[in-house]
1. Could you go through segment 116-133 and let me know if any residue there is at pLDDT 80 or above, in a helix (DSSP H, G or I) and closer than 23 Å to ARG36 by Cβ.
2. Against the definition (modelled with pLDDT of 70 or more, surrounded by fewer than 13 Cβ atoms within 10 Å (Cβ to Cβ) and among the polar types (S, T, N, Q)), how does THR169 come out, yes or no?
3. Scan (1) under 19 Å from GLN154 (Cβ atoms); (2) modelled with pLDDT of 95 or more; (3) among the hydrophobic types (A, V, I, L, M, F, W, C) for the single condition ALA63 breaks and write down its number.
4. Considering only segment 83-92, state which residues are in a strand (DSSP E or B) and within 17 Å of GLN24 (Cβ to Cβ).
5. List the helices (runs of 4 or more DSSP H) that sit entirely inside segment 1-82 and contain at least 2 residues that are touching a Cys at 6+ places or on another chain (Cβ under 9 Å) and either loosely packed, with under 13 Cβ neighbours inside 10 Å or touching a residue at least 12 places away in the same chain (Cβ under 8 Å) (or both).
6. What number of residues within segment 67-90 satisfy the criterion of being within 12 Å of GLU57 (Cα to Cα) and of a type in the set (Val, Ile, Thr)?
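The values are calculated or read from the model by the stated rules, or taken from the named source; none is laboratory data. Because the structure is predicted, anything quoted here is derived from the model rather than measured. Counting neighbours? That spans all protein chains shown, and the Cβs are built from the backbone with ideal geometry, glycine included.
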Amino acid sequence: MYSLVDLFAGCGGLSLGFEQAGFQPVFVNELNDDARATYLCNRSHQLGGLQFADCKELHSKDANELSKKKLEEVIQHFRNIPEINYTSEKFVNRISGGGSNIDVVAGGPPCQGFSGIGHRRNWGVDRKQIPANFLFKRMCFRISNFLPRIFLFQNVSCILNAHWEGDRT
């Protein structure tokens with residue numbers, strides 16, 4: 001089994017593609033209750049003798065609730081599940097084989113504030129005042145904690161150079 005941590009998962013389309021390629025979700029994060037419920041309803045695999053949907057420790061709602069302490073608790077649960085059997089060498093050079101045995105961390109944090117279309121921008125508010133515009137940093141934080149073999153970070157190309165009225169340079 002290849003393991004997958006799916007962040008900002010929506011109803012699970014990205015996971016479905018990974019599952020068809022032989023990966024198995026071991027943790028999911030999604031803010032929208034209906035999307036998260038759909039995601040869990042469509043996953044029938046077991047981890048540690050329980051249905052994945054019943055392993056409350058292996059899914060979360062709000063990206064901001066995944067603090068360093070909460071991530072350490074999740075990783076501790078990983079260590080107790082035979083199918084995952086989490087191991088980590090946090091301070092070893094990744095090129096020489098350091099990291100963890102989590103295969104993939106995938107996710108697409110909200111990007112409306114950076115989209116080239118920008119139809120959800122609020123031009124009257126500075127983009128620094130909109131918390132969702134910084135969720136990509138939470139994604140980076142989680143990647144650095146899970147230490148996967150690889151990660152897939154889905155977003156828009158304008159995340160590095162989007163301009164809002166008043167900040168064009």
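1. In the first step, residues of segment 116-133 are kept if they are at pLDDT 80 or above; the result is none.
No, segment 116-133 contains no residue that is at pLDDT 80 or above, in a helix (DSSP H, G or I) and closer than 23 Å to ARG36 by Cβ.
2. Values: modelled with pLDDT of 70 or more: no; surrounded by fewer than 13 Cβ atoms within 10 Å (Cβ to Cβ): yes; among the polar types (S, T, N, Q): yes.
In short, no.
3. (2)
4. Here is the first cut: in segment 83-92, the residues in a strand (DSSP E or B) are 88-89.
Passing the criteria: none in range.
5. Details: elements: 13-20, 33-41, 68-79.
Fully inside segment 1-82 and qualifying: 33-41.
6. Taking segment 67-90 as the starting set, the residues that turn out to be within 12 Å of GLU57 (Cα to Cα) are 70-78, 80-81.
Retained after the next criterion (residues that are of a type in the set (Val, Ile, Thr)): 74-75, 81.
Residues flagged as within 12 Å of GLU57 (Cα to Cα) and of a type in the set (Val, Ile, Thr) within segment 67-90 amount to 3.
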